[in-house]
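These notes are about the structure you will find just below.
The values are calculated or read from the model by the stated rules, or taken from the named source; none is laboratory data. Everything numeric here is computed off the predicted structure, so don't read it as measured data. We place every Cβ from the backbone using ideal geometry, glycine too, and count neighbours over all the protein chains shown. The area values use the complete protein model at the heavy-atom level, side chains included, leaving out ligands, DNA and RNA. Shrake-Rupley method; radii C 1.70, N 1.55, O 1.52, S 1.80 Å.
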Amino acid sequence: AQSVAQPEDQVNVAEGNPLTVKCTYSVSGNPYLFWYVQYPNRGLQFLLKYITGDNLVKGSYGFEAEFNKSQTSFHLKKPSALVSDSALYFCAVREYTSTNAGKSTFGDGTTLTVKP
Amino acid sequence: NAGVMQNPRHLVRRRGQEARLRCSPMKGHSHVYWYRQLPEEGLKFMVYLQKENIIDESGMPKERFSAEFPKEGPSILRIQQVVRGDSAAYFCASSLWGDTGELFFGEGSRLTVL
């Protein structure tokens, strides 16, 4: 069974500083990895994904993530945080197998707070 | 190009009533997923459907919950005889591809059971 862990419930950074939101995953085959962001009382919005190829993936709003197969991690990063980045971030994994049929499994989310 | 449309956005039901949540996927998307988000919790998978087929319902409670995605019209998540524990935000998502495609989420339907 596939699973995702986001070890930090909360991440606090100062505006202008780099940020990292951690994610580790577990799958039996090749993972498809995603990051989503959720603002209060809204649906989730897609940020970026890793399917194959370059381990460093660039996405929306200046975010990027690095796929590390040996550490089974897919940490979300941004070189310089903005106050408007404050939101709830979800990591998700998807594994397409004959029994899994492509459902995405989400982590519990990490609340990012960027202080001015 | 409308996104995923969910309605109603807010629904209040008394215990024992039925709740029906509707979801229209993005144009051209044939994969629909329902997730439940309890307060202060993450998203829990409920069911994955394609037109007229339930592909994976491993996250659906065994009783009172059902889902469909008919050939015509929106996908429906139906909760019969609601209880207070059903109070949650229910999100629908659609994708273009069933494996590598990212999910596009609706704004959610927030169910409150009195």
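Counts of other chain beta carbons within 10 angstrom of each beta carbon in peptide B:38-45 average 5. Inter-chain Cβ neighbour count for A:102-114, averaged per residue, equals 5 (cutoff 10 Å, partner chain atoms only). With R₀ set to 25 Å, the beta-carbon distance separating A:N41 from B:R14 gives a calculated FRET efficiency near 0.60. Over the stretch A:51-94, the fraction of Cα-Cα pairs per 5 Å bin, rounded to whole percents and listed from the shortest bin up, is 5, 18, 30, 26, 13, 8, 1. Heavy-atom accessible area with a 1.4 Å probe sorts B:V82, A:V4, largest first, into A:V4, B:V82. The trypsin sites (Lys or Arg not before Pro) of the stretch A:21-87 that meet both conditions, a loop assignment by DSSP and at most 12 other Cβ atoms within 10 Å of the site Cβ, are A:K69.
Taking R0 as 25 Å, what FRET efficiency do you get between A:D54 and B:K51 from their Cβ-Cβ distance, rounded to the nearest 0.05?
Using R0 = 25 Å, I get an efficiency of 0.10.
Counting Cβ atoms of other protein chains within 10 Å of each residue's Cβ and taking the mean over peptide B:107-113 gives 1. Three principal axis extents describe the C-alpha atoms of chain B; from largest down they are 38, 26, 24 Å. Take the Cβ atoms of B:K62 and A:E66, set R0 to 45 Å, and the FRET efficiency comes out at 0.65. Residue pairs exceeding 20 angstrom between C-alpha atoms, taken from A:K69/B:K44; A:K22/A:K58; A:K49/A:K69: A:K69/B:K44.
P(r) for the protein assembly as shown, from all Cα pairs and a bin width of 10 Å, is 8, 33, 35, 19, 5, 0 %, short bins first. Placing pseudo-labels 7 Å out from each Cα toward the beta carbon at A:S26 and A:K77 gives an inter-label distance of 2.6 nm. This model, with +1 at the C-beta of Lys and Arg and -1 at the C-beta of Asp and Glu, gives the stretch A:6-112 a dipole about its Cα centre of some 260 debye.
Once backbone amide H atoms are built at 1.01 Å from N, B:S87 has B:V113 as its partners under 5 Å, excluding neighbours fewer than 5 places away on the same chain. Result for chain A in a Gaussian network model with C-alpha springs under 10 Å: among A:S86, A:S60, A:S26, the largest mean-square fluctuation is at A:S60. Note down the nm distance, to one decimal, between modelled labels 7 Å out along Cα→Cβ at B:L114 and at A:D9. In this crude label model, B:L114 to A:D9 measures out at 3.2 nm.
Once you reduce the stretch A:18-36 and the stretch B:1-42 to the center of their Cα atoms, the two points are 26 Å from each other. For the stretch B:15-52, applying the loop criterion from DSSP together with a ceiling of 13 other beta carbons within 10 Å to the trypsin sites (Lys or Arg not before Pro) yields B:R15, B:K27, B:K51. When chain A is treated as a GNM with alpha-carbon contacts under 10 Å, the residue of A:S73, A:S84, A:S104 showing the greatest mean-square fluctuation is A:S84. Loop-located GluC sites (Glu not before Pro) in the stretch B:6-114 (DSSP state not H, G, I, E or B) with no more than 15 neighbouring Cβ atoms inside 10 Å: B:E18, B:E40, B:E41, B:E52, B:E63, B:E72.
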